[in-house]
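Participant: Sharing a structure, written as structure tokens. Questions coming.
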Amino acid sequence: MSSQVSKIFVARLLGLDVFDPLGDRLGRLRDVVVVSRGPKKPPACVGVVVEVPGKRRVFVPMTRIQSMESTQIICSGLVNMRRFQQRGQELLVVAELFDRTITFTDGSGRGVIEDIGLAQTRRGDWEINQYYVQRGVAAPGLLGLRSRKRDKVLVSWEDISHGNQSEPQSADTFVATHDDMKAADFADALHEMNEKRRLEIAAHLQDERLADVLQELPDREQVEILSALGLERAADVLEEMDPDDAADLLSEVSEETKHQLLELMNEEEAKDVRRLLAYPEGTAGSVMTPVPVILTPESTVAEALASVRMEELSPALASTVYVVRPPLETPTGRYLGQVHIQALLRAAPPEPLGDILDTELEPMSDLANISEVVRHLATYNLTSVGVTNKEGRLVGAITVDDVLDHILPDDWRSQD
């Protein structure tokens, strides 16, 4: 271990690249693992959790850490690439200790942990040395601190005592620390947590952020979180989800709960979800997105490019504009064809879409089996395809990510 660094705070380590001695990047640090050694010794740091390519989180013991600095971490030797699983008395600093309520041993009140300082002993081991704590009294539930001064202090590990692990815990620090993390990576972090902590953090997220994260979680954990939110909040979150993802989630709950949530949702949002739920499972209609980019043949290339630039569109949905006769809301007027983004980029901005239509690629029937859709996408190297009903009206589009979720194993998110 490098002798230049003897102390470092965990929040500064998060997201840092981890390299092997040859300089090859192993992954990115996501958490630190500590174990309690009783009331008379500070908790020992036993390793770090590194997210390697493929979003798998692996454990790297501190005995493998050669250098730990504020800009990078270097490990030595071979690393076990098996997915990390928490054991025994192990605690995850970011997931479980950040935001935990503590009591000051001098009787001056309570506070909440915002950061943790690690120090290296003379023997080369690492242990918790200090806590960065916000003073204040924890409010009931998950609302965190309510203190006028909101003083923040740096204290020794000996100056505090931890509350019961079953106490409600805020999520302010965790959410703020992971604010820039992609929804899929945030979901992966939630997946590794125990149920209590997962529900606390999910409840703290804004509706839009929670909707994005929910869509990346396994079905069981989606239902678990949705059930814990309460009907009103759950309906708000469903409104923020893509209609196809909301329909998938609602198909996992009881008929009574499904009906209650649909009644509480905004009428327009609920209408799209109801249409998807009406299709038999395993059909194109059951997995399609009912709100692709739709324009008329008189619309210009400039208008089409402006439409596909919308931030809320996924890259797959933004790759194709579907051209129809009015009305433009699904089910639309007669489906005419599609225009790929490459064609838009090659054409003059004033040119009407009707002049550059691709009419050779047939849309899929809304009752087609998902396996047929997969073959169609693969055969023509497409990222999306239009879906029409028996009257030839566009009812939605299917993207590659829509079908991948249905052809991969149910537990693909948690597989090694």
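The values are calculated or read from the model by the stated rules, or taken from the named source; none is laboratory data. Model, not experiment: these values are computed from the prediction. Here the Cβ positions follow ideal geometry from the backbone for every residue, glycine too, while neighbour counts run over all protein chains shown. Note: accessible area is taken over every heavy atom of the protein model, side chains too, but ligands, DNA and RNA are not part of it. Shrake-Rupley method; radii C 1.70, N 1.55, O 1.52, S 1.80 Å.
Participant: Just for region 192-206: of the residues that are surrounded by fewer than 19 Cβ atoms within 10 Å (Cβ to Cβ) and outside any helix (DSSP H, G or I), which one is modelled with the highest pLDDT?
Facilitator: For region 192-206, the residue satisfying everything is GLN206.
Participant: Do we have LEU226 as crowded, with 20+ Cβ neighbours inside 10 Å, at pLDDT 95 or above and farther than 26 Å from GLN85 by Cα here?
Facilitator: Criteria not met by LEU226.
Participant: Of the numbered conditions (1) crowded, with 20+ Cβ neighbours inside 10 Å; (2) part of a helix (DSSP H, G or I); (3) outside the structural domain of PRO326 (by the TED database), ALA304 satisfies every one except a single condition; which is it?
Facilitator: Here ALA304 clears every test but (3).
Participant: So which residues in region 173-184 are buried (at least 18 other Cβ atoms within 10 Å of the Cβ) and either of a type in the set (Asp, Glu) or touching a strand residue (DSSP E or B) at 6+ places or on another chain (Cβ under 7 Å) (or both)?
Facilitator: Scanning region 173-184 gives a single hit, THR173.
Participant: Of all the residues that make up region 59-77, how many are surrounded by 19 or more Cβ atoms within 10 Å (Cβ to Cβ) and either under 15 Å from ARG25 (Cβ atoms) or not assigned by the TED database to the domain that holds ASP20 (or both)?
Facilitator: 4
Participant: Do we have GLN66 as touching a residue at least 12 places away in the same chain (Cβ under 8 Å) and not in a strand (DSSP E or B) here?
Facilitator: For GLN66, the condition - touching a residue at least 12 places away in the same chain (Cβ under 8 Å) and not in a strand (DSSP E or B) - is not met.
Participant: Which condition from (1) at pLDDT below 95; (2) more than 26 Å from GLU208 (Cβ to Cβ); (3) not assigned by the TED database to the domain that holds GLU391 is the one that GLU360 breaks?
Facilitator: Of everything listed in (1) at pLDDT below 95; (2) more than 26 Å from GLU208 (Cβ to Cβ); (3) not assigned by the TED database to the domain that holds GLU391, GLU360 misses just condition (3).
Participant: Same structure again: Just wondering, is there one or more residues in region 295-315 that are at pLDDT 95 or above and in contact with a Phe, Trp or Tyr (Cβ under 9 Å, 6 or more places away or on another chain)?
Facilitator: Checked against the condition, which is being at pLDDT 95 or above and in contact with a Phe, Trp or Tyr (Cβ under 9 Å, 6 or more places away or on another chain), region 295-315 yields at least one hit.
Participant: Right, something else. Among the residues of region 85-94, count how many are modelled with pLDDT under 90 and either open to solvent by less than 70 Å² (accessible area, probe 1.4 Å) or at negative phi (or both).
Facilitator: 4
Participant: Within region 385-394, can one find any residue that is free of Cβ contacts under 8 Å to residues at least 12 places away in the same chain and in the same structural domain as THR296 (by the TED database)?
Facilitator: Within region 385-394 (the criterion being free of Cβ contacts under 8 Å to residues at least 12 places away in the same chain and in the same structural domain as THR296 (by the TED database)), the answer is no, since none of the residues qualifies.
Participant: Where residues in region 361-412 are loosely packed, with under 15 Cβ neighbours inside 10 Å and β-branched (Val, Ile, Thr), which of them is nearest to SER314 (Cα to Cα)?
Facilitator: ILE407
Participant: Another question about this same structure. Exactly one of these conditions fails for ASP99: (1) outside any loop (DSSP other than H, G, I, E, B); (2) under 29 Å from the mean Cα position of the chain (by Cα). Give me its number.
Facilitator: Failing condition for ASP99: (1).
Participant: What do you reckon, is GLU114 modelled with pLDDT of 85 or more, under 28 Å from the mean Cα position of the chain (by Cα), surrounded by 16 or more Cβ atoms within 10 Å (Cβ to Cβ) and within 24 Å of ARG12 (Cα to Cα)?
Facilitator: Working: modelled with pLDDT of 85 or more: yes; under 28 Å from the mean Cα position of the chain (by Cα): yes; surrounded by 16 or more Cβ atoms within 10 Å (Cβ to Cβ): yes; within 24 Å of ARG12 (Cα to Cα): yes.
Judged against the criteria, GLU114 is a match.
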